[in-house]
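Derivation of every value follows stated rules applied to the coordinates shown; laboratory data play no part. Every value quoted in this text rests on a predicted model; they were computed, and no experiment measured them. So basically every Cβ, Gly included, is an ideal-geometry build from the backbone, and we count neighbours across all protein chains shown.
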Amino acid sequence: MKFILGVVTTLVMIAVMATAIITSGWVNVGADHEHSPIVYNLIEKARVNSIKHASQDIVVPKLNEPVMISEGGADYKDMCASCHLSPDVSATDLSLGLYPKPPNFTDPNVVSRFADDAGAKQGFWAI
Ligand code: HEC
């Protein structure tokens, strides 16, 4: 009986604390206010695992076809480079000012994540 009472008390305390945090406005959700490392790592882990899970059934087209590369390059320049940069642009107001920071897709270490089948599916899903 004591054990059940302890579990119920703990659950009630967690619910009260969660309600207090959610309704109080203590959590600053502004993009100019960085999360603590613990919160950032939790959100990042949830984001990465969510993308891994959601992208499993994605069918990635043949991205190395010449037409795909030239059309994709033009689209990238128009729609993506302002944040994700390009070989001739190493920083923009958006790349510097956003939080979280847009990954720099001119960095080989960043794009290597998308090189294998699972990575290509995840990148394609995220886009
Ligand atoms: C206004 C800025 C902005 C633009 C424009 C933009 N992105 Fe992003 N993108 C971001 C940010 C910021 C993130 C990181 C999100 C995060 O970490 O939660 C991101 C994440 C991504 C990711 C996931 C990377 C990863 O490691 O999981 C991919 C892939 C991506 N963007 C591709 C693109 C493509 C392709 C375009 C153009 C069609 C594009 N983005 C346009 C800001 C932008």
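For Lys52, the lysines whose Cα comes closer than 17 Å to its Cα, not counting residues fewer than 8 places off in the same chain, are Lys121. For Lys101, the aspartates and glutamates whose Cα falls under 20 Å of its own Cα, not counting residues fewer than eight places away in the same chain, are Asp32, Glu34, Glu44, Asp78, Asp88, Asp93.
Dimensions of the chain based on its C-alpha atoms, expressed as ranges along the principal axes with the largest first, amount to 70, 35, 22 Å.
Relative to the current alpha-carbon distance between Ser70 and Ser90, full extension at 0.36 nm per residue lengthens the span by 5.0 nm. Qualifying trypsin sites (Lys or Arg not before Pro) in the stretch 46-127, where qualification requires a DSSP coil assignment and no more than 14 other C-beta atoms within 10 Å, comprise Lys62.
Mean Kyte-Doolittle of at least -0.5 and a Cα length of 24 Å or more along the axis: which whole DSSP H helices of the chain meet both? TM-like helix candidates: 2-24, 37-54.
Were the residues from Ala18 through Ile51 laid out at 0.36 nm apart, the gain over their Cα-Cα distance would be 9.2 nm.
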